[in-house]
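K.L.:
One structure, as structure tokens, below. Some questions next.
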Amino acid sequence: MDGAPDKRSYLLAFKSSFGTMAAQKALAPYRPHVIPVPREIDVGCGMALQFFAADDKAARAIAQAAGLDEEGAGDLYLSEGGAYRLMGAD
């Protein structure tokens, strides 16, 4: 995964390890990394996927491909300077 300056870092945080692993498989073309959930984020399973996208719209499309629209699937966060901001629906 390339953290190029023209891309932003996002996290998909999941409520279950099964959700994390299923999303990792679904998002294989985006080369997500499984990482521990940062302390600032309170999510049940303790695992998240980190990926890079050009903008919020692209990140939301990637999250949708991961099944994040499903009830209880998890949340999308933007990573900015070591802080994490929950992405609301537009």
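The values are calculated or read from the model by the stated rules, or taken from the named source; none is laboratory data. All values reported here derive from a predicted model rather than from experimental measurement. Cβ: placed from backbone, ideal geometry, glycine included. Neighbour counts: every protein chain shown.
K.L.:
Of everything in the stretch 37-49, what is surrounded by fewer than 18 Cβ atoms within 10 Å (Cβ to Cβ) and not basic (Lys, Arg)? Give them in sequence order.
P.N.:
Pass one, the stretch 37-49, residues surrounded by fewer than 18 Cβ atoms within 10 Å (Cβ to Cβ): 38-42, 44-46.
Within the stretch 37-49, Pro38, Glu40, Ile41, Asp42, Gly44, Cys45, Gly46 qualify.
K.L.:
Here is a further query. Considering only the chain, give the strands (runs of 3 or more DSSP E) lying wholly within it that have at least 1 residues that are among the acidic types (Asp, Glu) and at pLDDT 85 or above.
P.N.:
Passing ranges, in order: 74-80.
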